[in-house]
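Structure record follows, encoded as structure tokens.
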Amino acid sequence: MHELSVTQNILEIALRHAQEAGAVRIREINLVIGELSSIVDDSVQFYWDIISEGTMAQGAILRFERIPATLRCRECGHEFALSRDDYACPACGSFAVGVVGGDEFYLESIEVDLAQPQPGQVAPG
């Protein structure tokens with residue numbers, strides 16, 4: 001159920017930045033989500049469709065980019081993709097590894113429609 005609060009935060013951030021840019025509509029939101037994140041795309045989309053209703057983000061397309069998990073060996077420094085079968089470093093065999101990627105979750109970008117300036121007006125920006 002934490003996807004509801006996460007989705008509310010996404011909406012708040014997108015609305016704030018869109019308003020600062022002088023937007024009249026948010027068209028698309030690009031989210032980056034790491035493989036190790038517990039965020040469920042379908043749940044975010046479900047809540048988005050509900051909470052964005054009546055805002056300038058209503059109908060905006062959510063795009064989800066999944067980032068694979070990456071580990072770094074603390075012994076030799078080798079970085080490698082997480083394998084659910086074996087956590088050992090493929091270069092030296094050490095199990096002293098740490099996560100360096102794959103736990104991300106952030107709003108990467110938004111695409112908006114800007115207000116059309118009236119004749120004699122200067123466009124915002």
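The values are calculated or read from the model by the stated rules, or taken from the named source; none is laboratory data. Everything numeric in this text was worked out from a predicted model, so none of it was measured. Neighbour counts are summed over all protein chains in view; Cβ atoms, including those assigned to glycine, are modelled from backbone coordinates with ideal geometry.
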**Selection count, segment 77-98, where residues are under 30 Å from Ile61 (Cβ atoms) and assigned to a strand (DSSP E or B)** = 1
**Item:** Exclusive hit being surrounded by fewer than 15 Cβ atoms within 10 Å (Cβ to Cβ) and not in a loop (DSSP other than H, G, I, E, B), set Ser109, Ser43, Ser38
**Value:** Ser109
**Prompt:** Looking at this structure, is Leu62 aliphatic (A, V, I, L, M), surrounded by 14 or more Cβ atoms within 10 Å (Cβ to Cβ), outside any loop (DSSP other than H, G, I, E, B) and touching a helix residue (DSSP H, G or I) at 6+ places or on another chain (Cβ under 7 Å)?
**Reply:** yes
**Fill in**
Quick count over segment 1-34, residues being under 13 Å from Met56 (Cβ atoms), assigned to a helix (DSSP H, G or I) and either touching a strand residue (DSSP E or B) at 6+ places or on another chain (Cβ under 8 Å) or among the polar types (S, T, N, Q) (or both), is 5
**Asked** If only one of Leu31, Leu15 is aliphatic (A, V, I, L, M) and within 22 Å of Asp103 (Cα to Cα), which one is it?
**Response** Leu31
**Item:** In segment 88-105, the residues that are out of contact with any Lys or Arg (no Cβ under 8 Å at 6 or more places or on another chain) and either at pLDDT below 85 or surrounded by fewer than 13 Cβ atoms within 10 Å (Cβ to Cβ) (or both)
**Value:** Pro90, Cys92, Gly93, Phe95
**Item:** In segment 73-86, the residues that are under 24 Å from Ile33 (Cα atoms) and surrounded by fewer than 12 Cβ atoms within 10 Å (Cβ to Cβ)
**Value:** Ser83, Arg84, Asp85, Asp86
